[in-house]
Amino acid sequence: MASVTLVGIRKIYLGGGRSRVAVDGIDLAVGDGEFVVLVGPSGCGKSTTLRMVAGLESISAGELRIGERVVNDVPAKDRNVAMVFQNYALYPHMTVFENMAFNLKLRRLAASEIDARVREAAAVLRIEPLLDRRPRQLSGGEQQRVALGRALVRKPAVFLFDEPLSNLDAKLRVQMRREIARLHHQLGATMLYVTHDQAEAMTLGDRIVVMHDGRVQQIDPPLAVYRLPRNTFVAGFIGSPAMNLLEGELVAEESPGFRAKGGAFTVGLPAAWAHGLATRAGRPVILGIRPEHVRPTSSGPGGGGGGGAARLRVDLVEPLGQELLVYASAGGHEITARLAPGTLLAVGQPVEFEFDPEGVHLFDPDTRERLIPSP
Ligand SMILES: Nc1ncnc2c1ncn2[C@@H]1O[C@H](COP(=O)(O)OP(=O)(O)OP(=O)(O)O)[C@@H](O)[C@H]1O
Ligand SMILES: [Mg+2]
């Protein structure tokens, strides 16, 4: 096993007389045995980053180390990494055993060693009864496990996964996610995992790396990213439904408040922020609030949460069984609330909502960076 270190890693694709920056200077230190997830929207450079670590793509600038060794110019086969792709192609004419053994045969391992490794991996993945079958005789989830098995038998220093579960249906995905988490726990192996699914990132990663436009936005443990997103991009990307992001300005009367753009509503901010915000009074700001921190004012004694409520029109109600999602709006501002399943709200009705002051975030509209609360 080994650590993986990226220092200022860049990838510039050349072609058609134009250059395109796909990865724009990534610094990341993956610890020995750590599970790190790269997450971000399509085209943000996740696969390119992973392929550079695997040695499948040249590195335009920066330094890549696996363990202590600089591997920028080391061929893929000598990096001691194994990659599992989204479109894992199993050899259709080979059995599961042969598929898993293929790479080891190429490396001319002794037959007894190959047999031992395949059986060990098959036991870990619980596919021993399938070793004699061919891929077309397997379900999608079983095929996926064989693809994992092919990586496992190589006993690499680092596992690289590029959206390995995206071809599976939702239920299988959750099941395989659990398998991978179990594998990581059992093997204690270093894993770098790419996904665009924020829920997958949140549940699998020791730390997650949120990427956007070829750049790292934030690297932190999942809950730290959720609780204190560094900027509006991370705030909007991690969490489902997404954090509400509202444009407006700060008002400072007796206590600090937020007035939504156009004056549709004003809500109170924690009194403790008065000092930190004093110099920004009257300035534009973006308020972030997660759906679970928005609730109808009538729901608690006293209400108001420190002053002011938002009078919103309920546009849509989605009863999801374990919770109720409410989409409401006022003056062009759209707000999602996550409420208890029994809450009675009629579509088209005006309802007063309050924001839990504990859940309010403020961002700078120019830099899009977090202003308060600070980490
Ligand atoms: N071989 C290539 N030549 C030129 N541009 C490329 C090449 N491969 C990728 N790109 C560009 O580099 C950027 C990053 O691509 P990459 O495949 O790393 O994205 P990704 O984050 O993995 O996206 P997805 O979630 O869709 O898989 C994209 O803008 C893409 O168009
Ligand atoms: Mg990709």
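The values are calculated or read from the model by the stated rules, or taken from the named source; none is laboratory data. Not measured: the values here are computed from a predicted model. Using ideal geometry, Cβ is built from the backbone for each residue, glycine included, and neighbour counts are taken over all protein chains shown.
Which condition number in (1) touching a strand residue (DSSP E or B) at 6+ places or on another chain (Cβ under 8 Å); (2) in contact (Cβ under 8 Å) with a residue 60 or more places away in the chain; (3) within 23 Å of T49 (Cβ to Cβ) is the one that L228 fails?
Here L228 clears every test but (3).
Among the residues of segment 55-76, is there at least one that is within 16 Å of ligand 1 (Cβ to nearest atom) and acidic (D, E)?
yes
So which of L38, L28 is under 19 Å from V194 (Cβ atoms), within 16 Å of ligand 2 (Cβ to nearest atom) and surrounded by 14 or more Cβ atoms within 10 Å (Cβ to Cβ)?
So the residue among L38, L28 that is under 19 Å from V194 (Cβ atoms), within 16 Å of ligand 2 (Cβ to nearest atom) and surrounded by 14 or more Cβ atoms within 10 Å (Cβ to Cβ) is L38.
Going residue by residue through segment 83-91, is there one that turns out to be touching a Pro at 6+ places or on another chain (Cβ under 8 Å), away from ligand 2 (no atom under 16 Å from the Cβ) and part of a loop (DSSP other than H, G, I, E, B)?
So far as segment 83-91 goes, yes, one or more of its residues are touching a Pro at 6+ places or on another chain (Cβ under 8 Å), away from ligand 2 (no atom under 16 Å from the Cβ) and part of a loop (DSSP other than H, G, I, E, B).
Might you check whether a residue that is in contact with a strand residue (DSSP E or B) (Cβ under 7 Å, 6 or more places away or on another chain), assigned by TED's automatic domain parsing to the domain that holds H196 and assigned to a loop (DSSP other than H, G, I, E, B) occurs anywhere in segment 8-28?
Within segment 8-28, none of the residues are in contact with a strand residue (DSSP E or B) (Cβ under 7 Å, 6 or more places away or on another chain), assigned by TED's automatic domain parsing to the domain that holds H196 and assigned to a loop (DSSP other than H, G, I, E, B).
Which ranges mark the strands (runs of 3 or more DSSP E) fully within segment 303-357 that have 3 or more residues being under 15 Å from H293 (Cα atoms) and at pLDDT 95 or above?
324-330, 333-339
Within segment 72-80, is there a residue that is in a loop (DSSP other than H, G, I, E, B), within 16 Å of ligand 2 (Cβ to nearest atom), in the same structural domain as L125 (by TED's automatic domain parsing) and surrounded by 19 or more Cβ atoms within 10 Å (Cβ to Cβ)?
No: zero hits.
If you scan segment 148-207, which residues turn out to be of a type in the set (S, T, N, Q) and without any contact (Cβ under 8 Å) to a residue 60 or more places away in the chain?
Q175, T203
Could you tell me which residue of segment 197-226 is farthest from E34 (Cα to Cα), considering only residues that are of a type in the set (D, E) and crowded, with 18+ Cβ neighbours inside 10 Å?
E200
When you look at V158, is it under 18 Å from V4 (Cα atoms) and buried (at least 23 other Cβ atoms within 10 Å of the Cβ), yes or no?
Taking the combined requirement at face value, the residue satisfies it.
Kindly evaluate L50 against the criterion of being within 15 Å of ligand 1 (Cβ to nearest atom), assigned to a helix (DSSP H, G or I) and under 33 Å from the mean Cα position of the chain (by Cα).
Yes, satisfied.
For segment 180-193, state whether one or more residues are buried (at least 24 other Cβ atoms within 10 Å of the Cβ), closer than 16 Å to C44 by Cβ and within 16 Å of ligand 1 (Cβ to nearest atom).
yes
Among (1) modelled with pLDDT of 95 or more; (2) surrounded by 20 or more Cβ atoms within 10 Å (Cβ to Cβ), there is one condition P296 misses while meeting the rest; what is its number?
Of the numbered conditions (1) modelled with pLDDT of 95 or more; (2) surrounded by 20 or more Cβ atoms within 10 Å (Cβ to Cβ), the odd one out for P296 is (1).
Of (1) surrounded by fewer than 19 Cβ atoms within 10 Å (Cβ to Cβ); (2) more than 15 Å from Q218 (Cβ to Cβ); (3) within 16 Å of ligand 2 (Cβ to nearest atom), V23 satisfies all except one. Which?
(1)
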